[in-house]
């Protein structure tokens, strides 16, 4: 049995924990129907191969917010996030195409 799917865009925002409430307000104001937020940890490697851990301290926490919506809405949100928070905070944005089963939810 095949299921009918509908294409949407998933915007993933990885940002500092202190931005959560501001991101929620922005996403709601710009027309998204919902979101998911998780606390996450990450790390990177230096040119010398040394591991650096992010989110190690209580004040250095990171969240990952996922918003599924239409592509145009995702791009508007991404532009606003970069413009408002990008210059002053650590923010990473990813856009990906997803397929959903209940399109009215997004």
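We did not get these values from a lab; they are worked out from the coordinates using the rules stated. Predicted model, so just to flag it, every value in this text is computed and none were measured.
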Acute angle (nearest 10 degrees) that the helix 20-29 long axis makes with the longest principal axis of the chain, alpha-carbon atoms: 30
- line: With Cα coordinates, the longest principal axis of the chain makes an angle with the long axis of helix 71-85, in degrees rounded to 10, of 30
query: For the chain, what is Rg from Cα atoms divided by 2.2 N^0.38 Å, rounded to two decimals?
result: 1.21
